[in-house]
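Undergrad: Pasting a structure here, questions to come.
The values are calculated or read from the model by the stated rules, or taken from the named source; none is laboratory data. This structure is a prediction, so every number in the text was calculated from the model and none was measured. Ideal geometry is used to build each Cβ from the backbone, glycine not excepted, and the neighbour counts take in all protein chains shown.
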Amino acid sequence: MRIEQLTYAIGAELIGVNVAHAINDDGLFAEIRSALLKHRVLFLRDQHITRAEHVAFARRFGELEDHPVAGSDPEYPGLVRIYKTPDQPNDRYENAWHADATWREAPQFGAVLRCVECPPVGGDTMWANMVLAYENLPAYVKTQIADLRARHSIEASFGAAMPIEKRLALKAQFPDAEHPVVRTHPETGEKVLFVNAFTSHFTNFHTPERVRFGQDANPGAGDLLRYLISQAYIPEYQVRWRWEKNSIAIWDNRSTQHYAVMDYPPCHRKMERAGIIGDKPY
């Protein structure tokens, strides 16, 4: 296996390896996992694997989970089908910077995403290094956000376009989760800026140390949250991957965010994602 780093900040391509071989090869899997922690997102071309092999490889990282809105393959629970078709021009959930399922109490560890069919041009995906985003914040901002916590909502994202009864039922099933604004990576100990498109508001901003008058909280808290979310937009923290059929991306959802670029004309873009259950951020 050869590892080719793609940018200074994030991302590497694995060359000369088939992920199916790592299902039963402990040494190879250990190399891949080590590379994932270092580079945060890994890419592979020409992975001619079955759905069963896709699921089996992803399960080496942990158990898989379904998505309550996006459908899974009926034969392989946990293998979420992200299928864009020409009759879905307004299906827009992925073209915002986000980490998967932060609206859960325990967001995903990561994911293994395989391209089944892609546009002839366009439809790239981008990832951002949120450890670097935190490290490069001004010192006074780090002090300001050190103890802040924030809510993440599926109701206000996936549920927003639903009829009110269905939206409220979704919220009842998945109440807004509260997470630290700066989480600690459970394996590396790194500090991670942990707010994204699912984040609705801070929950403990309104304290005497931060707020003299109501105006300090509103719009002050909102302005700070927008500033923090915007750190993922900085190109120096990013890598961009051009998909081909049978390409695979493996990413650490705890330290990255991603964005699916919807810059393609009406056509099919079919992806299958095995999302791996994670732990509660601290």
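Undergrad: Condition check: polar (S, T, N, Q), buried (at least 16 other Cβ atoms within 10 Å of the Cβ) and touching a residue at least 40 places away in the same chain (Cβ under 8 Å). Does T203 satisfy that?
TA: It is false that T203 is polar (S, T, N, Q), buried (at least 16 other Cβ atoms within 10 Å of the Cβ) and touching a residue at least 40 places away in the same chain (Cβ under 8 Å).
Undergrad: Of the residues E209, E190, only one is free of Cβ contacts under 8 Å to residues at least 40 places away in the same chain, farther than 22 Å from S157 by Cα and out of contact with any Leu (no Cβ under 6 Å at 6 or more places or on another chain); which? Even if it seems obvious, please write down each step before you answer.
TA: Values: E190 fails: free of Cβ contacts under 8 Å to residues at least 40 places away in the same chain.
None of the other options fit; the residue is E209.
Undergrad: Scan segment 80-95 and tell me whether some residue there is of a type in the set (V, I, T) and either surrounded by fewer than 14 Cβ atoms within 10 Å (Cβ to Cβ) or without any contact (Cβ under 8 Å) to a residue 12 or more places away in the chain (or both).
TA: Yes - at least one qualifying residue is present in segment 80-95.
Undergrad: Also, I was wondering about something else. From the residues in segment 94-135 that are part of a strand (DSSP E or B) and touching a Ser or Thr at 6+ places or on another chain (Cβ under 9 Å), which one is nearest to A177 (Cα to Cα)?
TA: Among those that are part of a strand (DSSP E or B) and touching a Ser or Thr at 6+ places or on another chain (Cβ under 9 Å), it is H98.
Undergrad: Name the residues in segment 18-60 that are in contact with a helix residue (DSSP H, G or I) (Cβ under 8 Å, 6 or more places away or on another chain) and acidic (D, E), would you?
TA: Hit for segment 18-60 is E53, nothing else.
Undergrad: Still on this structure: Could you list, in sequence order, all residues of segment 232-277 that are of a type outside the set (F, W, Y), crowded, with 22+ Cβ neighbours inside 10 Å and in a helix (DSSP H, G or I)?
TA: A232
Undergrad: I'd like to verify a number: residues in segment 138-155 that are in a strand (DSSP E or B) and either β-branched (V, I, T) or farther than 12 Å from L228 by Cβ (or both), how many?
TA: 3
Undergrad: How many residues, within segment 61-79, are in contact with a helix residue (DSSP H, G or I) (Cβ under 9 Å, 6 or more places away or on another chain) and surrounded by fewer than 18 Cβ atoms within 10 Å (Cβ to Cβ)?
TA: Result for segment 61-79: 5.
Undergrad: Do you know which residues across segment 257-270 are under 15 Å from the mean Cα position of the chain (by Cα) and under 29 Å from E75 (Cβ atoms)?
TA: Across segment 257-270, the qualifying residues are H258, A260.
Undergrad: Taking into account only those residues within segment 96-121 that are small (G, A, S) and in contact with an Asp or Glu (Cβ under 7 Å, 6 or more places away or on another chain), which is surrounded by the fewest Cβ atoms within 10 Å (Cβ to Cβ)?
TA: Out of the qualifying residues, it is A106.
Undergrad: Taking the conditions exactly as written (touching a Gly at 6+ places or on another chain (Cβ under 8 Å), outside any helix (DSSP H, G or I) and surrounded by fewer than 17 Cβ atoms within 10 Å (Cβ to Cβ)), does D46 satisfy them or not?
TA: It is false that D46 is touching a Gly at 6+ places or on another chain (Cβ under 8 Å), outside any helix (DSSP H, G or I) and surrounded by fewer than 17 Cβ atoms within 10 Å (Cβ to Cβ).
Undergrad: Continuing with the same structure: Quick check on segment 210-221: of everything there that is out of contact with any helix residue (DSSP H, G or I) (no Cβ under 6 Å at 6 or more places or on another chain) and more than 15 Å from V141 (Cβ to Cβ), which residue is surrounded by the most Cβ atoms within 10 Å (Cβ to Cβ)? Even if it seems obvious, please write down each step before you answer.
TA: Narrowing segment 210-221 to residues out of contact with any helix residue (DSSP H, G or I) (no Cβ under 6 Å at 6 or more places or on another chain): 210, 212-221.
After this cut, where a residue has to be more than 15 Å from V141 (Cβ to Cβ) as well, the list is 212-219.
Working: R212: 9, F213: 7, G214: 9, Q215: 9, D216: 13, A217: 16, N218: 13, P219: 11.
Looking at residues that are out of contact with any helix residue (DSSP H, G or I) (no Cβ under 6 Å at 6 or more places or on another chain) and more than 15 Å from V141 (Cβ to Cβ), I get A217.
Undergrad: Looking at this structure, is L79 closer than 30 Å to D176 by Cβ, modelled with pLDDT of 95 or more and in contact with a Ser or Thr (Cβ under 9 Å, 6 or more places away or on another chain)? Walk me through how you get there before you give the answer.
TA: Numbers: closer than 30 Å to D176 by Cβ: yes; modelled with pLDDT of 95 or more: yes; in contact with a Ser or Thr (Cβ under 9 Å, 6 or more places away or on another chain): yes.
Spelling it out, L79 is indeed closer than 30 Å to D176 by Cβ, modelled with pLDDT of 95 or more and in contact with a Ser or Thr (Cβ under 9 Å, 6 or more places away or on another chain).
Undergrad: Let me ask another. If you take the residues in segment 6-41 that are more than 23 Å from the chain's Cα centre (by Cα) and assigned to a loop (DSSP other than H, G, I, E, B), which one is surrounded by the fewest Cβ atoms within 10 Å (Cβ to Cβ)?
TA: The residue in question is G16.
Undergrad: A further question on this structure: Of the numbered conditions (1) crowded, with 17+ Cβ neighbours inside 10 Å; (2) among the hydroxyl-bearing types (S, T, Y); (3) in contact with an Asp or Glu (Cβ under 9 Å, 6 or more places away or on another chain); (4) within 18 Å of R104 (Cβ to Cβ), S157 satisfies every one except a single condition; which is it?
TA: (3)
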